[in-house]
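As structure tokens, the structure follows; a few thoughts come after it.
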Amino acid sequence: MQRIRYQSYDGISWGELEGGNVHQLSSMMGSRTGLVTTLSDVTLLAPCEPKTIICVGKNYADHVAEMGGSKDNLPTEPGLFLKSIQALSNPGDPIPYPSWTQNLHYEGELAIVISRKMKNIAEEDAFDYILGYTCACDVTARDRQKADLQWTRGKSADKFCPVGPWLETDLDPSNLQVQTRVNGELKQNGNTRDLIFTIPTILSYISKFLTLEPGDLVLTGTPEGVGPLQVGDTLEITVEGIGSLTNTVEAAT
Ligand code: MG
């Protein structure tokens, strides 16, 4: 089932998508209210309401290699970093190209939304804490990521985390193609079977030091093929079994 968060004439709601119709839900985890509208009458929003956005870096061997690392020297623990809540952005929203970077990059990723309070969990229980899966872009100012003392500006600036278009709640995430296109041209074409750290490993590891809450967002890492964006580009991230997230790049105001 596809679960969406949307703006309509009467505010922001959660809903389930079925045959082009949107069945309103009482909340993210709630039941149907009986109100039905059509997808074309709503505006999709990021399908999550996170207090925490946490991301795995270097989780595909081919991406480790393209970043100057060695496939013979892969991370032995998940390399995690946070993105700010201000980074969260909706399907269709412009990605700003800030004036303080000359090398803005896309990183297409599979993302997870958490369904219930997650603290100190075992790997074998991890799927009980997942509400659904969606597409995300870990927008990165690559020059600032490398030159700044910390990654905060390079990874967490305003609107540096578009998410959507919806949550797919019934999905096996272990063998999904993750593709990124810029102006229609295929740039990334990875598969989640190549994740260095699997989703259960990532969630259990995080839960040992940070409590995640319903609606929190976890980005699982990007495959090889990261590269620059330019003002005017159309970015499309597609995860098999979910759909496509599309955003355009605009000069920051
Ligand atoms: Mg990333």
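Computed from the coordinates by the stated procedures, all read-outs in this text should not be read as laboratory data. All values reported here derive from a predicted model rather than from experimental measurement. Methodologically, a virtual Cβ is constructed for each residue, glycine included, from the backbone with ideal geometry; neighbour enumeration extends over all protein chains shown.
With Cβ to Cβ distances under 11 Å as the rule, what net charge do the other residues near GLY184 carry (K, R +1; D, E -1)?
Value of the local net charge: -1.
Spin-label point model (7 Å from Cα, Cβ direction): what's the MET29 to ASP72 distance in nm?
Each label point lies 7 Å from its Cα, and together they span 4.8 nm.
Work out the charge dipole of segment 140-253 with +1 on the Cβ of Lys and Arg and -1 on the Cβ of Asp and Glu about the Cα centre, then indicate which of VAL178, LEU195, ALA251 is farthest towards its positive end.
Checking the options against the dipole of segment 140-253, the answer is ALA251.
FRET efficiency for ASN120 and THR152, Cβ-Cβ distance as r, R0 = 25 Å, nearest 0.05?
Details: r = 27 Å, r/R0 = 1.09.
That pair, ASN120 with THR152, gives E of 0.35.
When Lys and Arg each count +1 and Asp and Glu each count -1, what net charge do the other residues less than 14 Å away from ILE114, Cβ to Cβ, add up to? Walk me through the intermediate numbers first.
Numbers: positive: ARG3, LYS51, ARG116, LYS117, LYS119; negative: GLU49, ASP125, ASP128, GLU213, ASP216.
Every neighbour counted, the sum reads 0.
Determine the shape class of the chain: with a ≥ b ≥ c the square roots of the Cα gyration tensor eigenvalues, call it rounded for a/c under 1.5, and otherwise prolate if a/b is greater than b/c, oblate otherwise.
Oblate.
Take peptides 16-28, 93-105, 128-140, 160-172 and line them up by average Cβ neighbours within 10 Å, highest first, as a rough protection proxy.
On the way: 16-28: 15.1, 93-105: 16.9, 128-140: 23.9, 160-172: 22.2.
Put in order of decreasing packing, that is 128-140, 160-172, 93-105, 16-28.
Give LYS51/LYS117; LYS117/LYS155; LYS159/LYS208; LYS83/LYS208 a once-over and call out the pairs whose C-alpha atoms are over 22 Å from each other.
Violating the 22 Å Cα-Cα cut-off are LYS117/LYS155; LYS159/LYS208.
Which whole-angstrom value gives the distance between the alpha carbon centres of segment 114-137 and segment 176-253?
About 17 Å separates the Cα centre of segment 114-137 from the one of segment 176-253.
Could the peptides 145-156, 45-56 be put in order, highest first, of the mean number of other beta-carbon atoms found within 10 Å of their residues? Walk me through the intermediate numbers first.
Values: 145-156: 16.0, 45-56: 22.7.
Ranking, from highest mean packing down: 45-56, 145-156.
Arrange the peptides 193-200, 180-187 so that the one whose residues have, on average, the most other Cβ atoms within 10 Å appears first.
So the peptides 193-200, 180-187, ranked by packing, come out 193-200, 180-187.
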